[in-house]
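Enquirer: There's a structure below that I have some questions on.
The values are calculated or read from the model by the stated rules, or taken from the named source; none is laboratory data. Here the structure is a predicted model, which is why all the values come from computation and not from measurement. All Cβ positions, even for glycine, are placed from backbone atoms using ideal geometry, and neighbour counts span all protein chains on display.
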Amino acid sequence: MRRALSPREAFRRHASRFDPVTDPRIRRLLVVELVVVLLVTFGLSGLYSVLDLVSALLAPEDLTDQTATLNASRSAHSWLDLAYQLLGVLRMAAWSLLPLVLLAHSGIGPRAVGLVRDRAGGQVAWGLALTAVIGIPGLALYLGAVAAGFNLQVSASGLTETWWRPIVLMLAAAGNGAAEEILVVGYLLIRLRQLGVPPALALIGTALLRGSYHLYQGFGGGLGNLAMGIVFALWWMRTRRLWPLILAHTLLDVVAFLGYALLAPHVTWL
C-alpha cells in the first residue's frame with residue numbers, strides 16, 4: 001500500500017504532470033470546450049439539481065416527507081421501460097467517452113488520464129478500500145441528514161420488479177461510475193491544469209460540481225458527494241490512477257441500487 005501523502009505533495013505531483021497552455025488561441029478554445037462539455041453533461045445536471053432543491057424547499061411538505069427517485073420507471077410497458085433505461089445507460093457511456101475523445105485531439109491518451117492496466121490487483125484493492133472509506137460514512141451521513149430534516153428520502157430504485165431490473169441497475173451503476181470519474185476527475189482536472197488553474201482551486205471546483213448535481217437529494221446528498229469529490233480528486237492527483245475510482249463508484253451505486261431494491265420492502269429505515 002502507498003504511504004500517506006499530504007495534499008500539498010499531491011498538488012505538486014499533479015502540477016508537474018501537465019503544463020499550462022500558453023497559446024492564447026488554444027486557451028480560448030479550451031475554455032469554450034470546457035463550458036460546452038459542462039453544459040451538456042454534469043454542469044447542466046447541477047443547475048437542474050439546484051432548481052429541484054429550491055422546488056423541494058418551497059413545497060408545503062418537509063424535505064424528509066418528500067422522495068427523490070433514482071432509476072425511475074418510464075413506462076407501464078416492461079419492454080418500453082427497458083428501452084428507456086438502456087438509453088439512459090447509453091447516455092452515460094457517451095458522457096464517459098466524450099472527454100477521452102476531446103483529450104485525444106490534444107495528444108492526451110487514456111494512460112495520461114489514468115486508465116492504465118498495470119498492477120491490476122493493487123488497483124482493485126484500492127477500489128475496494130475507497131468503497132469502504134466513502135460508503136460507510138456516506139450511509140451514516142444520509143441517515144443523519146434525513147433524521148435532521150436536511151435531506152429528502154432517496155428511493156435508489158424506482159423500477160418495477162422485472163427479470164431485467166438487476167441487470168439494468170448494474171449497468172446504470174457502471175455508467176455512472178465511468179462517466180463521473182472520467183469526466184469530473186480525469187478530464188476536468190487536466191483541462192483546468194492546462195488553463196493554469198491552481199491545483200487546490202481545481203480540486204475545490206470539481207468537488208463542488210460533484211456536490212451540485214446531487215443536491216436534488218437534499219443538503220446531505222450534496223455535502224456527502226462534495227466530500228467524496230475531494231477524496232477522489234486528491235487520490236487521482238496523487239496516483240493518476242482512475243480505475244480504482246471507477247470501481248469504487250460503481251460498487252457504491254450497485255450496493256445502493258440493488259440493496260434498496262431488495263431491502264426497501266422489508267425495512268423501515270430506507
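Enquirer: So if I check each of Val197, Val146, Val168, Val124, which one is within 26 Å of Leu53 (Cβ to Cβ) and among the β-branched types (Val, Ile, Thr)? Give the derivation first.
Expert: Values: Val197 fails: within 26 Å of Leu53 (Cβ to Cβ); Val168 fails: within 26 Å of Leu53 (Cβ to Cβ); Val124 fails: within 26 Å of Leu53 (Cβ to Cβ).
Going through Val197, Val146, Val168, Val124 in turn, the sole match is Val146.
Enquirer: When you scan region 12-52, how many residues do you find that are closer than 16 Å to His105 by Cα and of a type in the set (Phe, Trp, Tyr)?
Expert: 1
Enquirer: Whether any residue in region 243-256 is farther than 20 Å from Ala173 by Cα, at pLDDT below 95 and either touching a Lys or Arg at 6+ places or on another chain (Cβ under 7 Å) or surrounded by fewer than 18 Cβ atoms within 10 Å (Cβ to Cβ) (or both) is what I want to check.
Expert: Scanning region 243-256, I find no residue that is farther than 20 Å from Ala173 by Cα, at pLDDT below 95 and either touching a Lys or Arg at 6+ places or on another chain (Cβ under 7 Å) or surrounded by fewer than 18 Cβ atoms within 10 Å (Cβ to Cβ) (or both), so the answer is no.
Enquirer: On to the next question. Take Phe232 and decide whether it is in a helix (DSSP H, G or I), surrounded by 23 or more Cβ atoms within 10 Å (Cβ to Cβ), at pLDDT below 95 and not aliphatic (A, V, I, L, M).
Expert: Criteria not met by Phe232.
Enquirer: Across region 184-202, what is the total count of residues that are farther than 23 Å from Leu97 by Cβ and under 14 Å from the mean Cα position of the chain (by Cα)?
Expert: From region 184-202, those farther than 23 Å from Leu97 by Cβ are 196-201; that's our starting set.
Still in the list and also under 14 Å from the mean Cα position of the chain (by Cα): none.
Residues that pass the stated criteria total 0.
Enquirer: Here's a follow-up. Find all pairs meeting these conditions: Cβ atoms under 7 angstrom apart; at least six residues apart or on different chains; first residue within region 53-65 and among the acidic types (Asp, Glu); second residue outside any helix (DSSP H, G or I).
Expert: Asp62/Gly149
Enquirer: Another question, then. So, in region 154-174, of the ones that are crowded, with 16+ Cβ neighbours inside 10 Å and among the polar types (S, T, N, Q), which residue ends up modelled with the lowest pLDDT?
Expert: Taking the candidates together, the pick is Ser157.
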